[in-house]
Amino acid sequence: MYQDYTHEPFTDFTVEKNREEFQLALKLVESELGKEYPLIIGGERITTEAKIISENPSNKEQIVGAVSKANQHLAEQAMQVADKTFNTWKKWRPEVRADILFRAAAIVRRRKHEFSAYLVYEAGKPWKEADADTAEAIDFLEYYGRQMLGLKKGFPVKSRKIEKNKLAYIPLGVGVVISPWNFAFAIMAGMTSAALVAGNTVLLKPASTTPVVAYKFIEVLEEAGLPDGVVNYIPGSGAEVGDYLVDHPRTRFISFTGSREVGIRIYERAAKVHPGQIWLKRVVAEMGGKDTIVVDHTADLDLAAQSIVQSAFGFSGQKCSACSRAVIHEDVYDEVLEKSIALTKELTVGNPVDDTNMGPVNDQGAFDKVMSYIAIGKEEGRLVTGGEGDLTNGYFIQPTIFADVDENARLMKEEIFGPVVAFCKVKDFDHALEVANNTEYGLTGAVISNKREHIEKAREEFHVGNLYFNRGCTGAIVGYHPFGGFNMSGTDSKAGGPDYLLHFTQGKLTTEQL
Ligand SMILES: NC(=O)c1ccc[n+]([C@@H]2O[C@H](COP(=O)([O-])OP(=O)(O)OC[C@H]3O[C@@H](n4cnc5c(N)ncnc54)[C@H](O)[C@@H]3O)[C@@H](O)[C@H]2O)c1
Ligand SMILES: N[C@@H](CCC=O)C(=O)O
């Protein structure tokens with residue numbers, strides 16, 4: 001028997017022992033920086049001349065790892081291995097596949113701080129955020145393993161007296177898993193483990209700025225007993241390897257998490273049927289957000305300010321769930337703004353190795369993009385705090401608030417993916433919901449209110465996949481807050497939810513006449 005699923009607890013960094021252990025893990029990882037990492041295809045380590053250099057975004061001089069880079073030839077090799085391996089892997093019993101996930105979870109749990117330390121160096125995550133990312137990776141392994149134990153039974157269907165009917169869910173085939181850098185461990189591990197536990201084989205293309213932590217995860221899967229060829233590790237250029245595999249006739253599904261732009265590209269390309277292809281590809285795409293916290297005139301204003309600041313600036317706003325719009329009733333607008341500015345000014349920004357509140361943004365591209373939105377914000381609103389960037393060592397940007405932004409401004413509509421939040425004043429709650437819904441995304445949102453009618457109205461009318469009341473809009477927990485949004489936020493899947501594995505299976509009905 002398996003214990004019931006409960007989520008992995010977060011580390012309490014106010015406890016000195018925990019801090020010491022985390023510092024030891026940082027030292028350990030520091031001693032491993034700069035290593036070379038090969039591709040893994042069918043268990044074979046393949047080193048290429050071309051490399052992806054994973055740098056520390058807090059310290060551009062520091063190389064986290066030099067990772068071999070797949071090209072189309074190697075992607076084809078990986079596809080052939082995954083296609084062949086599918087014929088055997090799909091026959092492994094679901095409970096044995098699940099056991100591999102449980103063992104992998106146990107291995108990661110034992111080395112929890114080490115994985116988090118990699119996220120501090122490779123993704124620029126502050127301790128708390130890195131710890132949450134690792135905890136979420138463990139959760140996905142534990143949760144999807146248990147979900148598979150349920151799904152293996154299929155769903156009950158009626159049988160007439162003359163027949164015996166059975167509805168089972170069988171795997172699809174080779175899946176291309178394309179993961180983002182911002183939850184470099186959790187989302188990468190979640191997408192990979194969901195696909196494989198359902199009986200599919202995987203070609204994993206991690207984000208190019210965070211390939212090392214993905215390599216470390218493959219090593220864990222191997223240690224946990226995953227046979228060669230089930231997951232193949234092929235970092236490479238999205239445009240080269242990504243397009244090639246998305247178009248490939250043997251690709252059965254694509255599981256993607258990333259930007260709206262790339263998600264749409266994949267969705268469109270996957271729709272085309274290529275010569276030799278005998279199925280319509282399935283695409284599970286989890287994309288961007290333009291997430292809003294609404295504050296009404298009855299709200300606890302301290303809670304409102306804390307929720308906005310935490311959701312806007314946690315991991316420098318680089319979450320698809322991040323609050324990038326605070327929509328506030330005019331009666332309490334000034335007070336919430338003042339409180340938010342005060343809290344923001346308390347945040348420390350710097351190298352997260354030193355346990356700062358906020359680290360860098362991802363890379364030069366992210367830095368330039370966010371700074372260009374700060375320039376736009378200076379035209380569209382009133383800069384009340386932040387606004388400066390610093391490239392001396394890494395890609396640091398101060399937490400930035402723009403006040404008095406018009407509801408139709410670009411700052412209110414486009415995903416910035418950085419530490420920038422726009423404040424917008426509204427005249428009543430209906431107006432607030434109208435503004436909250438006026439983007440093409442629909443991922444997360446929150447309402448801070450003590451008025452039951454407002455909460456219920458928002459429950460009906462605030463059109464997002466994850467709606468929170470009287471808390472921030474980030475920090476969904478696997479199995480508790482299934483995660484995924486509407487409209488241009490993706491294909492409406494719910495990662496960490498009870499129906500997620502169905503995306504990686506197909507239903508087979510058998511009827512036996514008695
Ligand atoms: N909805 C969610 O659950 C969720 C979660 C995390 C991040 N995100 C979104 O992800 C974005 C940030 O992540 P990112 O910058 O890594 O996104 P991105 O779209 O730039 O990259 C995501 C992945 O796609 C790959 N890629 C790029 N071009 C490709 C192509 N032509 N074909 C196939 N793959 C290609 C990248 O190499 C990377 O592995 C934000 O928009 C954020 O909102 C969404
Ligand atoms: N699941 C995460 C967001 C993932 C996207 O970046 C959260 O709920 O904050």
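The values are calculated or read from the model by the stated rules, or taken from the named source; none is laboratory data. The structure displayed is predicted, hence computed values, not measured ones. Side chains included, ligands, DNA and RNA excluded: accessible areas come from the protein's heavy atoms. Shrake-Rupley method; radii C 1.70, N 1.55, O 1.52, S 1.80 Å.
For the chain, take the longest principal axis of its alpha carbons; what is the angle in degrees between that and the long axis of helix 186-197, to the nearest 10 within 0 to 90? In the chain, helix 186-197 runs at an angle near 20 degrees to the longest axis. Using only the alpha-carbon atoms, how far is helix 72-89 inclined from the longest principal axis of the chain? Give it as 0 to 90 degrees, nearest 10. So the inclination is approximately 60 degrees.
If you fit an axis through the alpha-carbon atoms of helix 112-123 and take the longest principal axis of the Cα set of the chain, what angle between them do you get, 0 to 90°, nearest 10? Between helix and principal axis, roughly 70 degrees. Once all protein chains are placed together, ILE63 keeps about 70 Å² accessible to a 1.4 angstrom probe. Taken over the chain, the ratio of Cα radius of gyration to 2.2 N^0.38 Å equals 0.98. For segment 1-119, the number of Lys pairs separated by eight or more positions or lying on different chains, with C-alpha atoms closer than 20 Å, is 10. When TYR169, TYR267, TYR500, TYR441 are compared by accessible area at a 1.4 angstrom probe, the order from most to least is TYR267, TYR169, TYR441, TYR500. In the complete set of protein chains, residue-level accessible area for GLU219 is approximately 60 Å², probe 1.4 angstrom.
Using just its DSSP H runs of length 4 or more, each adding -39500 (n - 2.57), the chain gives a mean residue ellipticity at 222 nm of -12000 deg cm²/dmol after division by all residues.
Measuring how big segment 291-477 is from its alpha-carbon positions, Rg and Dmax come out at 15.3, 50 Å. Cross-link partners for LYS164 among the aspartates and glutamates, with Cα-Cα distance under 17 Å and sequence neighbours closer than 8 places in the same chain left out: GLU512.
Across segment 291-477, Cα pairs under 8 Å and at least six residues apart give a relative contact order of 31 percent. Bridges between two residues of segment 377-480, per DSSP, are antiparallel at a rate of about 40%.
Using a 1.4 Å probe and ignoring any ligands, DNA or RNA, find the accessible area of HIS329 and quote it in Å² to the nearest 10. For HIS329, solvent-accessible area is about 20 Å². Here segment 291-477 has 43 percent of its accessible surface on carbon and sulfur atoms, given a 1.4 Å probe and all protein chains in place. Based on protein heavy atoms only, segment 133-237 ends up with 27 Å² per residue of surface accessible to a 1.4 Å probe.
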